[in-house]
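S.K.: One structure, pasted below without further comment.
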Amino acid sequence: MSKDNSILEELTSKEYEHGWSVNFEADEAPIGLNEDIIRWISTKKEEPQWLLEWRLKAFRTWLTMTEPEWANVTYPKIDLQALRYYSAPKQVKKAKNLDEVDPELIAIYERLGISLNEQKRLQGIAVDAVLDSVSVATTFRGTLSKLGIIFCSFSEAVKEHPELVKKYLGSVVPMTDNYYAALNSAVFSDGSFCYIPKGVRCPMELSTYFRINAANTGQFERTLIVADEESYVSYLEGCTAPSRDENQLHAAVVEIHAASHAEVKYSTVQNWFPGDKDGKGGIYNFVTKRGICAGDYSKISWTQVETGSAVTWKYPSCILKGDHSIGEFYSVAVTNNYQQADTGTKMIHIGKNTKSRIVSKGISAGKSQNSYRGQVQVMKRADNARNFSQCDSLLMGDRCGAHTFPYIDINNSSAKVEHEATTSKIGEDQIFYCNQRGIATEDAVALIVNGYAKEVLNQLPMEFAVEAQKLLALTLEGSVG
Amino acid sequence: MSTLTKQDTFSSLIEAAPNNFASARATGKEAYVFQGLPAVKAEEYKFTNISKKLEQNLTDFSTAKPLPLTDAQVKAAVHEGFEGSVLVFSNGQFIPGLSSKIDEVEVSLISEKADLPIGSIANPKKDVFAALNQASFQDGLFISVPKKTQVDKAILLLSFDEANEGQVIQPRVWIEVGDFAEVTFIDQTVSVGESTYFVNEVVEVKGGINSQIHYYRLQNEGKNAIEVSTIETDIQKDGRFSSVNISLSGDMVRNNLNLNLKGSNSEGNMYGIYLLNGKSHVDNHTNVDHTIPHAESNELYKGILADQSRGVFNGKIFVRQDAQKTNAFQQNNNILLSEDATVNTKPQLEIWADDVKCSHGCTVGQLDEEALFYLQTRGIDKLQAKGLLLYAFAGEVLEKIETESFREYCDSLIQERLGSKF
């Protein structure tokens with residue numbers, strides 16, 4: 001037992017790898033939240049009038065809403081008036097090519113292991129790098145535009161493709177959807193926009209890398225992905241933030257629209273600062289992600305590896321509207337120390353012959369609480385809907401918790417829905433077997449956890465899968481109770 | 001806490017309560033006022049809008065008076081082959097005059113037990129209807145099985161309900177089973193007529209060390225009956241509590257079954273069938289609380305839903321921090337037979353201990369086409385084949401009933417329903 005304890009101590013004293021921050025001149029909005037701030041942001045971003053109206057409408061709706069409290073998480077409330085809603089590095093003009101980007105900014109991303117230099121990267125990933133409130137660089141735009149693919153920051157999309165933005169913005173997550181989505185709609189600063197034209201298979205992974213650098217800011221980015229008929233895209237999202245004592249808010253919205261026969265694969269490795277070992281600081285990650293399979297035979301697949309954030313509140317969902325459409329959700333959520341995660345998905349079957357699959361693997365260690373909350377809803381007209389859900393929990397230590405809240409609401413007699421869940425810990429016999437074969441306890445835990453999460457990790461694109469495996473091993477090594 | 005509409009809907013009922021058990025009633029009233037009737041979308045009553053139902057259907061918020069019953073009526077209502085003793089309730093009131101005497105078992109009115117800790121097991125703070133009952137019940141039944149007593153024959157709690165339109169029936173039962181004792185209860189309701197009324201029942205069961213308690217319940221109320229029942233028990237060391245709940249009708253029925261495992265090596269079993277048609281709405285909420293190590297719970301609920309019926313299931317399993325080495329299993333299976341039937345199920349696990357084996361599963365589906373086809377190739381027509389397969393589906397729960405005559409009775413009711421209706 002003493003050995004285990006020493007390993008545990010070592011683990012809990014492990015520093016967050018990406019906890020550093022950089023000082024540079026920033027262009028910031030005054031602290032606080034009111035209509036003037038929203039106008040300020042909108043003017044700053046040179047937005048058209050309709051978008052400002054849209055923001056203000058969202059803000060007015062938000063004022064009438066109250067913060068949701070149903071999630072299985074407890075945290076000190078954030079004073080939204082004490083936040084700064086816009087902070088951008090003082091490099092006003094967005095560089096047309098990477099040579100013009102401030103080397104200091106490139107250095108930040110180099111340090112995170114994200115090279116913005118096209119030559120240096122592994123082939124096949126285009127990155128949109130978002131720092132605090134703005135997108136600082138987008139790579140491979142030239143290559144992509146030859147195929148008609150639009151991949152740029154949200155602000156650019158508003159200027160260059162207003163018709164597309166106007167058509168799809170808020171079409172999947174309406175501004176009134178929930179408290180944080182409404183807040184995001186009012187104050188969102190930047191994010192990525194992506195449009196894949198008809199019949200195009202995107203040749204490389206598209207990726208956004210979010211970084212919170214400034215203190216006292218919230219990050220409110222907005223991602224919109226539109227996949228036109230018979231197109232395909234795989235999209236990655238990564239995120240980190242400096243270690244700070246106060247909690248920071250991240251309230252993003254991601255919308256995906258898949259037309260008929262289109263396929264969108266969205267992967268996230270979420271590694272926001274989780275707070276220190278006493279639960280101090282960390283990011284509040286309150287995110288609304290939703291995709292709509294609008295056309296027949298379309299498919300949306302969410303894969304997420306959640307290792308960071310002090311509090312996570314996130315339910316990537318699929319609305320299966322088109323007949324024969326498919327929704328998938330693969331998740332590994334790891335919580336340690338005082339982290340709390342309430343995550344899951346919603347699969348809403350509207351079209352006929354729709355299918356969905358949910359695989360959720362929760363791992364709790366330390367004093368953390370990990371909840372799966374999911375809903376499978378089969379509407380009256382959704383004949384032959386099919387769902388399979390599996391949500392397993394792995395507990396490490398006797399001071400953590402694992403919770404499952406699956407809602408299954410069926411209104412059609414031809415639906416086939418299955419749900420299963422198990423909760424267990426890493427067997428002593430498994431550890432013993434590994435020890436016997438000369439594998440140290442720490443490595444054995446990493447091995448077993450990786451095996452446990454394999455079904456999900458296999459869904460990740462290769463580069464991410466490697467990162468995710470490392471993250472899992474790092475977050476959990478030695479946490480044998 | 002709640003913003004409900006008619007906070008004082010039941011205040012006249014509470015005002016009219018007898019003046020015994022003053023402190024328990026005061027606690028109940030306080031808990032009732034604090035919680036209020038469930039608001040629309042309140043998580044615990046999300047799919048069962050009981051407040052609206054009561055508001056629309058109850059007209060007279062007073063307690064229904066007992067019916068004039070005869071021995072012959074009682075005899076006719078007891079199912080065939082039953083050999084045990086019968087305790088009769090009329091509109092929620094225990095009627096000693098029509099009830100059997102049971103050897104070695106103490107039976108009396110609750111009002112004769114002035115120092116009974118009413119509400120110490122079924123905590124009124126957990127549910128507003130338990131609170132309402134505690135504040136305003138008229139009288140009830142007290143049963144005590146002394147220690148080391150084995151009651152061979154089942155005890156039938158037979159309730160006759162017929163209230164005038166929109167009255168309230170509030171049965172209250174306190175069961176004590178001593179150490180090493182064993183007993184079987186059958187809780188059955190006979191609706192006389194089809195009037196609308198509201199039954200709000202609370203059963204508290206205090207089990208002793210190594211006591212074995214079987215509690216079978218058959219709900220076959222009139223189709224206009226509205227019912228909320230709360231059964232709660234504390235299971236001590238080596239004790240076992242097994243319940244089988246069969247729901248066949250009712251306008252809106254909500255069953256709260258709470259098992260608190262309080263001693264090591266204790267075991268709680270919960271089985272149920274809801275076989276519904278018409279516009280019946282049955283909501284089963286079960287709650288198992290593992291607070292100590294080395295306990296086990298098993299749960300299996302099955303639903304067959306036809307016409308416009310609705311089945312709601314919410315099974316909660318709590319495994320507290322100290323409850324290591326817990327085994328907890330939960331399963332809920334549903335078959336929808338019609339386009340308009342609905343099922344809302346939520347099997348919920350909340351676990352704070354790491355060395356446990358817990359699993360839950362839930363399915364919603366149809367009969368296996370291949371099995372149907374197989375039976376048809378053997379010359380059984382489709383309708384009959386369907387009935388047969390559904391009967392087999394329900395059979396897994398039925399076989400948990402250990403009292404043979406009662407099992408056969410339920411069996412025949414279910415067969416009749418499946419044969420005639422489906």
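The values are calculated or read from the model by the stated rules, or taken from the named source; none is laboratory data. Every value quoted in this text rests on a predicted model; they were computed, and no experiment measured them. Methodologically, a virtual Cβ is constructed for each residue, glycine included, from the backbone with ideal geometry; neighbour enumeration extends over all protein chains shown.
S.K.: Based on this model, can you work out whether residue B:213 counts as closer than 23 Å to residue B:328 by Cβ, part of a strand (DSSP E or B), at pLDDT 95 or above and in the same structural domain as residue B:158 (by TED's automatic domain parsing)?
M.R.: Here the answer is yes, as residue B:213 does meet what is asked.
S.K.: I'd like to check something: does the range B:94-105 contain any residue that is closer than 30 Å to residue B:347 by Cα, among the aliphatic types (A, V, I, L, M) and assigned by TED's automatic domain parsing to the domain that holds residue B:222?
M.R.: Within the range B:94-105, not a single residue is closer than 30 Å to residue B:347 by Cα, among the aliphatic types (A, V, I, L, M) and assigned by TED's automatic domain parsing to the domain that holds residue B:222.
S.K.: If you don't mind, another one. Scan the range B:124-139 and give yes if some residue there is within 15 Å of the chain's Cα centre (by Cα), assigned to a strand (DSSP E or B) and touching a residue at least 12 places away in the same chain (Cβ under 8 Å), otherwise no.
M.R.: Taking every residue of the range B:124-139 in turn, none turns out to be within 15 Å of the chain's Cα centre (by Cα), assigned to a strand (DSSP E or B) and touching a residue at least 12 places away in the same chain (Cβ under 8 Å).
S.K.: Residue under question is residue A:359, and the condition is that it be buried (at least 23 other Cβ atoms within 10 Å of the Cβ), aliphatic (A, V, I, L, M) and touching a residue at least 24 places away in the same chain (Cβ under 8 Å); does it hold?
M.R.: No; evaluated as a whole, the condition is false for this residue.
S.K.: Go through the range B:289-306 and give me each residue that's assigned to a strand (DSSP E or B), out of contact with any Lys or Arg (no Cβ under 7 Å at 6 or more places or on another chain) and not basic (Lys, Arg).
M.R.: B:289, B:296, B:297, B:298, B:299, B:300, B:301, B:303, B:304, B:305
S.K.: Mind checking which residues of the range A:413-433 are of a type outside the set (Ser, Thr, Tyr) and within 7 Å of chain B (Cβ to nearest Cβ)?
M.R.: A:415, A:416, A:417, A:418, A:419, A:420, A:421, A:425
S.K.: Tell me the residue from A:444, A:421, A:440 that is closer than 30 Å to residue B:344 by Cα and hydrophobic (A, V, I, L, M, F, W, C), please.
M.R.: Matching residue, one of A:444, A:421, A:440: A:421.
S.K.: Here's a follow-up. Might you let me know whether the range B:309-319 holds any residue that is part of a loop (DSSP other than H, G, I, E, B) and within 11 Å of chain A (Cβ to nearest Cβ)?
M.R.: Checking the range B:309-319: not a single residue is part of a loop (DSSP other than H, G, I, E, B) and within 11 Å of chain A (Cβ to nearest Cβ).
S.K.: Restricting attention to the range B:97-112, report how many residues are more than 24 Å from residue B:150 (Cβ to Cβ) and out of contact with any helix residue (DSSP H, G or I) (no Cβ under 8 Å at 6 or more places or on another chain).
M.R.: Residues flagged as more than 24 Å from residue B:150 (Cβ to Cβ) and out of contact with any helix residue (DSSP H, G or I) (no Cβ under 8 Å at 6 or more places or on another chain) within the range B:97-112 amount to 4.
S.K.: Only one of (1) over 23 Å from residue A:363 (Cβ atoms); (2) within 27 Å of the chain's Cα centre (by Cα); (3) surrounded by fewer than 20 Cβ atoms within 10 Å (Cβ to Cβ) is not met by residue A:422, so which one is it?
M.R.: Result: residue A:422 fails condition (1) only.
S.K.: Could you check the range A:176-286 for strands (runs of 3 or more DSSP E) lying wholly inside it with 3 or more residues that are within 25 Å of residue A:464 (Cα to Cα) and of a type in the set (A, V, I, L, M)?
M.R.: So the answer is A:222-227, A:253-258.
S.K.: Pick from B:205, B:190: which is of a type in the set (A, V, I, L, M), under 20 Å from residue B:141 (Cα atoms), buried (at least 23 other Cβ atoms within 10 Å of the Cβ) and in contact (Cβ under 8 Å) with a residue 60 or more places away in the chain?
M.R.: That would be B:205, the only listed residue that is of a type in the set (A, V, I, L, M), under 20 Å from residue B:141 (Cα atoms), buried (at least 23 other Cβ atoms within 10 Å of the Cβ) and in contact (Cβ under 8 Å) with a residue 60 or more places away in the chain.
S.K.: Still on this structure, please answer the following. Go through (1) free of Cβ contacts under 8 Å to residues at least 24 places away in the same chain; (2) in contact with a strand residue (DSSP E or B) (Cβ under 9 Å, 6 or more places away or on another chain); (3) charged (D, E, K, R) and name the single condition residue B:296 misses.
M.R.: Exception for residue B:296: condition (1).
S.K.: Among the residues of the range B:207-239, write down those that are β-branched (Val, Ile, Thr), over 13 Å from the mean Cα position of the chain (by Cα) and under 18 Å from residue B:184 (Cβ atoms).
M.R.: Of everything in the range B:207-239, those that are β-branched (Val, Ile, Thr), over 13 Å from the mean Cα position of the chain (by Cα) and under 18 Å from residue B:184 (Cβ atoms) turn out to be B:213, B:235.
S.K.: Name the residues in the range A:430-453 that are within 23 Å of residue A:468 (Cα to Cα) and of a type in the set (Ser, Thr, Tyr), would you?
M.R.: Answer for the range A:430-453, where residues must be within 23 Å of residue A:468 (Cα to Cα) and of a type in the set (Ser, Thr, Tyr): A:441, A:452.
S.K.: Of everything in the range B:37-73, what is of a type in the set (Ser, Thr, Tyr), more than 14 Å from chain A (Cβ to nearest Cβ) and either under 22 Å from residue B:224 (Cα atoms) or crowded, with 20+ Cβ neighbours inside 10 Å (or both)? Give them in sequence order.
M.R.: Hits for the range B:37-73 are B:45, B:51, B:59, B:62, B:63.
S.K.: Which of the residues belonging to the range A:218-231 are farther than 17 Å from residue A:192 by Cβ and surrounded by 24 or more Cβ atoms within 10 Å (Cβ to Cβ)?
M.R.: A:218 - this is the single residue of the range A:218-231 that is farther than 17 Å from residue A:192 by Cβ and surrounded by 24 or more Cβ atoms within 10 Å (Cβ to Cβ).
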